[in-house]
Amino acid sequence: MTETKKYKELINELYRKRTNGIKFGLERVFSVLEKLGNPHQSFKSIHIAGTNGKGSVSKIIYTLLRTHGLNTGLFTSPHLTRFTERIIVNDREISEDEVVRLIEKIKPFAEELTFFEYVTIMAFLYFKEKNIEYAVLETGMGGRLDATNVVTPVISVITSIGLDHQDFLGADISSIAREKAGIIKKGVPVVTSKQNPYAEQEIYKKASELGCSVFTYGKEFSAELKSIDLDGISFVFQASGFKIQPLALFLPLTGPHQLENASVGLKAFMSVYPQWNENFIKEGLKNVRLQGRLEVVSKQPLIIFDIAHNPPAAEALVKSLKALTDERPVIVFGMMRDKDVSGFIDCFKTYAHKIIFTVPHYERAITYEELNQNCTSMIDFFVPNPTEAFKKGLSICKNNHKFLLCTGSTYLIGELKEYLGEKTLHRRLGELT
């Protein structure tokens with residue numbers, strides 16, 4: 001069997017674990033990690049939970065650590081086009097051969113593991129083998145019972161909390177925040193975005209119970225936006241407790257919301273690595289790259305991809321787009337059926353020039369028939385195939401001098417990136433998150 005064929009076979013086998021569904025609880029992960037020598041204890045962890053902004057903050061912290069010369073791992077999910085995007089060490093994705101080897105190493109202990117638990121353990125093993133100093137770990141869902149929550153981090157980070165995954169995390173902000181705050185550990189400092197008052201109350205309550213210091217955006221640290229365009233944001237960052245002048249910085253991720261994400265990432269990094277260097281910070285932020293977050297795919301015509309998939313993210317996206325251009329977008333969107341689809345569309349109904357609904361090739365994607373139950377009146381066109389929807393949207397833009405926005409799901413953006421030439425393998429399979 002060729003290595004590529006073996007990789008495909010084992011990855012398919014791993015994806016079949018999705019039939020195990022989502023099983024919250026840490027006992028299975030702790031048990032397997034102990035049998036494998038507790039690899040998660042071999043490095044310092046920075047643990048990140050939240051509803052929106054986790055990916056941006058994770059990548060910012062990771063890039064700052066790397067720019068300072070530290071051996072660093074990054075674990076994120078889901079992937080856009082390649083499974084190997086999920087696990088990175090020192091700017092290099094895990095190889096297919098390494099995935100095969102680690103799957104086989106874990107397999108004797110893995111019968112009861114879910115997909116996400118398996119991949120989390122794989123990342124921990126890989127990080128230990130690579131002798132990393134720091135691991136930046138993004139939770140998959142929630143926090144308290146998330147598979148990543150077996151680590152005792154050097155800092156806990158909680159990004160903006162909103163309504164999402166209510167079936168699993170609770171029906172209101174307080175319940176969801178309580179789950180997210182479950183990553184907080186005894187005596188470990190917490191850095192948090194500005195939160196809804198109910199979410200902030202839960203975070204502070206948990207931190208107080210465990211004797212943790214809390215640093216909140218807008219209180220102990222803040223930033224001022226100086227300029228914004230399609231290439232990124234220029235801003236000034238300042239924080240109490242640092243004997244420095246405010247830092248003038250540039251981040252090549254755009255949108256007003258990235259001001260807060262950058263600040264949260266900076267505060268977390270500076271807290272865990274007090275030897276930071278101002279020039280390295282400036283250089284590191286300039287090198288941050290992140291696909292699918294207000295990603296400008298083309299300027300002529302203007303095409304933007306964004307993986308926003310809930311109303312708070314959609315609201316932030318509209319605010320960002322209005323700051324970047326006076327034009328109204330033609331929107332191509334497809335979503336998963338467990339999301340607040342009507343709330344999501346409602347954010348765009350007075351802003352979009354036209355709205356095109358499509359269905360990503362994924363079993364959880366909401367169909368037109370399901371959409372038809374409550375909100376098809378909000379859409380202008382239904383084009384079942386995402387690439388055809390993309391083409392139709394682009395045609396409307398060219399004829400009306402508008403720009404194209406593709407959004408609603410990681411799976412839709414991954415499919416369109418594949419169409420535009422991104423290397424992919426098994427993109428159409430993914431865990432239930």
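Give me the distance in nm between label points sitting 7 Å out from Cα along the Cα-to-Cβ direction at residue 92 and residue 30, one decimal.
Output for this residue pair reads 3.5 nm.
If the chain between residue 130 and residue 226 were fully stretched, how many nm would it gain, using 0.36 nm times the residue separation less the Cα-Cα distance?
30.6 nm
Would you work out which of 118, 71, 83 lies farthest towards the positive end of the dipole of the range 51-184, given +1 charges on the beta-carbon of Lys and Arg and -1 on that of Asp and Glu, about the Cα centre?
Farthest along the dipole direction, towards plus: 71.
For the chain, report the accessible area per residue in Å² (1.4 Å probe, heavy atoms, rounded to an integer).
Ligands and nucleic acids excluded, the figure is 40 Å² per residue.
Who wins for biggest fluctuation among 325, 254, 159 in a Gaussian network model of the chain, springs between alpha carbons below 10 Å?
Most flexible of the set in this elastic network: 325.
Here are some pairs, 226/322; 44/105; 54/194; which of them have Cα atoms lying more than 19 Å apart in this structure?
Pairs exceeding the cut-off: 44/105.
Considering only the chain, what is the antiparallel percent among its DSSP beta bridges, to the nearest 5?
Of the beta bridges lying entirely in the chain, close to 40 percent run antiparallel.
To make sure I understand the rule: partners must be aspartates and glutamates, Cα under 12 Å from the Cα of residue 5, and not fewer than 8 residues away in the same chain. Which ones qualify?
96, 97
Trypsin sites (Lys or Arg not before Pro), restricted to the range 188-239: which are DSSP loop and have at most 13 other Cβ atoms within 10 Å?
219
Would you calculate, for the chain, the mean residue ellipticity at 222 nm contributed by helices, counting each DSSP H stretch of 4 or more residues as -39,500 (n - 2.57) and dividing by all residues, to the nearest 500?
When only DSSP H runs of four or more count, the value is -11000 deg cm²/dmol.
What number, in percent, do you get for the relative contact order of the chain if the mean sequence gap of Cα pairs under 8 Å and at least 6 apart is divided by its residue count?
Relative contact order of the chain: 16 percent.
For the range 5-100, what does the relative contact order come out to in percent, with C-alpha contacts under 8 Å and a separation of six or more?
Result for the range 5-100 is 21 percent.
If you plug each phi of the range 137-151 into the Karplus form 6.51 cos²θ - 1.76 cosθ + 1.60 with θ = phi - 60°, what whole-Hz ³J(HN,Hα) values come out, in order, with x for Gly and Pro?
10, 9, 5, x, 8, x, x, 3, 10, 5, 4, 6, 7, 8, 8
Students often get this wrong, so check it: of 8/35; 206/282; 17/392; 17/417; 349/392; 185/219, which have C-alpha atoms separated by over 28 Å?
With Cα atoms farther than 28 Å apart: 206/282; 17/392.
Evaluate the charge dipole of the chain about its Cα centre and quote only its size in Debye, nearest 20, assuming +1 on the Cβ of each Lys and Arg and -1 on the Cβ of each Asp and Glu.
For the chain, the charge dipole is close to 500 debye.
At a Förster radius of 45 Å, what calculated FRET efficiency corresponds to the Cβ-Cβ distance of residue 279 and residue 205, to the nearest 0.05?
Efficiency computed from Cβ-Cβ geometry: 0.70.
The list (1) 42, 25, 19; (2) 34, 24, 21; (3) 31, 28, 21 gives values of semi-axes √(5λ) of the Cα gyration tensor in Å, and only one came from this structure; which label was calculated from it?
(3)
Percent of accessible area on the chain owned by carbon and sulfur, 1.4 Å probe?
47 percent
The values are calculated or read from the model by the stated rules, or taken from the named source; none is laboratory data. Only a predicted model underlies this, so the values are computations on that prediction, with no experimental measurement involved. Cβ atoms come from the backbone with ideal geometry, glycine included; neighbour counts cover every protein chain shown. Ligands, DNA and RNA are stripped out before the accessible areas are found, and what is left, the full protein with its side chains, is counted by its heavy atoms. Shrake-Rupley method; radii C 1.70, N 1.55, O 1.52, S 1.80 Å.
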